[in-house]
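The values are calculated or read from the model by the stated rules, or taken from the named source; none is laboratory data. Because the structure is a prediction, the values reported are computed rather than measured. Using ideal geometry, Cβ is built from the backbone for each residue, glycine included, and neighbour counts are taken over all protein chains shown. Note: accessible area is taken over every heavy atom of the protein model, side chains too, but ligands, DNA and RNA are not part of it. Shrake-Rupley method; radii C 1.70, N 1.55, O 1.52, S 1.80 Å.
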Amino acid sequence: ALLALILGMAVALVSQLPWRAARGFVRAYVEVFRNTPLLIQIFIVYFGLPQVGLKLSPFLSGLSALTLYTAAYNTEIFRAGLEAVPKGQHEAARSTGLTPLQEAVHDSPVIRIDAEDGLQVRRDRLE
């Protein structure tokens, strides 16, 4: 699961790049892995890859197929989260001199769970 999270986040970040080829590759990867059954993917990795000269152990075959499958779903989850931040938030962060890394850390909404008020999503930072 950790490998799929890391790969999913990396692919989601690639999907935000301005290059059309990178975004097209991400879109194709996500569509292929989300729209084919997991069992078929496991069969392709376990039985198909040795046909092209790549022999993996049964454990590594299963791990690879599950990681690629789960990473495709994680990519869509992370992409949606990245695109949920309004464009004005990005512009405001850049105008204050934040680097892209600082922008990613400080531009996220604050989610506060209170026993009396329930779930609150706020745009300000915790002080």
Within region 16-70, residues of a type in the set (S, T, N, Q) and either touching a helix residue (DSSP H, G or I) at 6+ places or on another chain (Cβ under 7 Å) or open to solvent by less than 80 Å² (accessible area, probe 1.4 Å) (or both) come out as Gln16, Thr36, Gln41, Ser57, Ser61, Ser64, Thr67, Thr70
Q) Looking at Ile77, is it closer than 19 Å to Leu5 by Cα and either open to solvent by 80 Å² or more (accessible area, probe 1.4 Å) or at pLDDT below 95 (or both)? A) yes
Those helices (runs of 4 or more DSSP H) completely within region 1-90 that have 2 or more residues that are within 28 Å of Ala104 (Cβ to Cβ) and either touching a Gly at 6+ places or on another chain (Cβ under 8 Å) or among the basic types (Lys, Arg) (or both) are 20-34, 58-83
Those residues of region 1-15 which are β-branched (Val, Ile, Thr) and surrounded by fewer than 17 Cβ atoms within 10 Å (Cβ to Cβ) amount to Ile6, Val14
